[in-house]
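Input: a single structure, listed below in C-alpha cells.
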Amino acid sequence: MATTKTPAPRTAAEATPPNLSSFTVVHRSLRDHAERLTALLAELGPSLDPIPAPQAEAIAEHVEGFLAALSEHHHNEDEILWPVVAEHVGDAADLAALVAEHRELDGAQERAGAIAARFGSAPRAYAMQLATDLAELRDLLAAHLDREEAELFPLITAHMPGEVYAAAESRIMRAGALELVPWFVSSLTDEERASRPAPPPEVAAELAPHLKAFAERERAVYGH
C-alpha cells in the first residue's frame, strides 16, 4: 500500500522562509520574452513586406537563445531544485506533473527551434509557421508557470527552510551558463537592480560582453 508523505513544518531554527524573488524574476523574464517574440512574429508573419536578412538572422539567433535559456531553467528545476523541494513538501506537490509539463514544453521548443533555423535564411517562407509555433510555446509556458506559482510557491514558502532553498539556488547559479544570464535578468525593475548584490568583479567582467551582445541583438531584432 502506498504511503503518503506529508510536508514537514519548519522548526523554530528554520523559521526564515525562502526568498523567491529571483525565481519570480526568472519567470517574469521568460514570460516577457515569449510574449515579445510571439508578438513580433505575429506582426511579421502576415505582412508582405520583405524581412531584412540581418533582422531575420538576429531573430533566429534570439529564438535559439531564448529556447536555450528555457531549457536550462527547466533542467535546473528537474535536477537541482525539485529533489530538494520533495524532501520538504512531501506529496503535497505534484512534481511529476510539472516534470511532464517540461517534457511537453520540450516538444514545443523543438518545433519552434527547427522553424527558427529555417526562418534565418528564408524568413518570408517561414514567418507564419514560426509565429504559430511561438504562440503555442508561449501559451504552454504561461500555463506551466502559472501552475508552479499557484501550487508550488506557497508550499515552498510554508515548508522549506530559507537556507536550504538558498543553497539550492546557489547551486543553480553556479551551474548556469553566463551567456544565458541576460535572459533571466532582463526584466528586472530599476528597484530590483538596485537591491541586488553586485557580482564579484571577476564575474562581472566575464558577464559584461554577454550583456552587451544581448542588448545589441535585441536592437537588431526589435529595431530599438
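Taking the Cα centre of the chain as origin, work out the dipole magnitude from +1 charges on Lys and Arg Cβ and -1 charges on Asp and Glu Cβ, in debye rounded to 20. Present the calculation step by step, with values, prior to reporting the outcome.
Details: 18 positive and 36 negative charges, 56 e Å.
Here the chain has a charge dipole of around 280 debye.
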field: Label of the coordinate-derived value, semi-axes √(5λ) of the Cα gyration tensor in Å, listed as [x] 35, 22, 13; [y] 31, 22, 13; [z] 40, 23, 13
entry: [x]
message: With only alpha-carbon pairs counted, each pair once and no self-pairs, how large is the Kirkwood hydrodynamic radius of the range 117-224 in angstroms?
response: 17.5 Å
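Using only DSSP helix segments of four residues or longer, with each worth -39500 (n - 2.57), what per-residue ellipticity at 222 nm results for the chain after dividing by its residue count and rounding to 500? Please list the in-between numbers first.
Values: 10 runs with 160 residues, N = 224.
Value at 222 nm, helices only: -23500 deg cm²/dmol.
Given C-alpha coordinates of the range 69-109, what is the ratio Rg to Rh with the Kirkwood estimate of Rh? Please report the intermediate quantities before stating the final value.
Working: Rg = 10.7 Å, Rh = 10.6 Å.
Taking Rh as the inverse mean 1/r over Cα pairs, Rg/Rh reads 1.00.
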- request: Find how many whole Å separate the alpha carbon centroid of the range 104-156 from the alpha carbon centroid of the range 20-88.
  value: 8 Å
message: At 1.4 Å probe radius, can you tell me the per residue accessible area of the chain in Å²?
response: 52 Å²
- prompt: Peptides 186-192, 154-160: what's the order by average Cβ count within 10 Å, highest mean first?
  reply: 154-160, 186-192
- request: Taking the dipole about the Cα centre of the chain, with the C-beta of Lys and Arg at +1 and of Asp and Glu at -1, give me whichever of LEU137, LEU37, LEU48 is farthest to the positive side.
  value: LEU48
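Any idea what the dipole of the range 52-102 comes to, in debye rounded to 20, about its Cα centre with Lys/Arg Cβ at +1 and Asp/Glu Cβ at -1?
Numbers: 0 positive and 11 negative charges, 24 e Å.
Value, rounded to 20: 120 debye.
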task: Just name one of GLY162, PRO83, ALA194: the one whose Cα is farthest towards the positive end of the charge dipole of the chain (beta-carbon charges, Lys/Arg +1, Asp/Glu -1).
output: ALA194
- prompt: Each residue of the range 206-221 in order: what ³J(HN,Hα) in whole Hz does its phi give by Karplus 6.51 cos²θ - 1.76 cosθ + 1.60, θ = phi - 60°, with x for Gly and Pro?
  reply: 6, 6, 3, x, 5, 5, 5, 5, 5, 5, 5, 5, 4, 5, 5, 6
- prompt: Expressed as a whole percentage, what fraction of the accessible surface of the chain belongs to carbon and sulfur atoms when a 1.4 Å probe is rolled over the protein heavy atoms?
  reply: 58 percent
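The values are calculated or read from the model by the stated rules, or taken from the named source; none is laboratory data. Note that this is a predicted model, so its numbers are computed, not measured. Glycine also receives a Cβ, built like all others from the backbone with ideal geometry; neighbour counts cover every protein chain displayed. Accessible surface areas use protein heavy atoms only, side chains included; no ligands, DNA or RNA. Shrake-Rupley method; radii C 1.70, N 1.55, O 1.52, S 1.80 Å.
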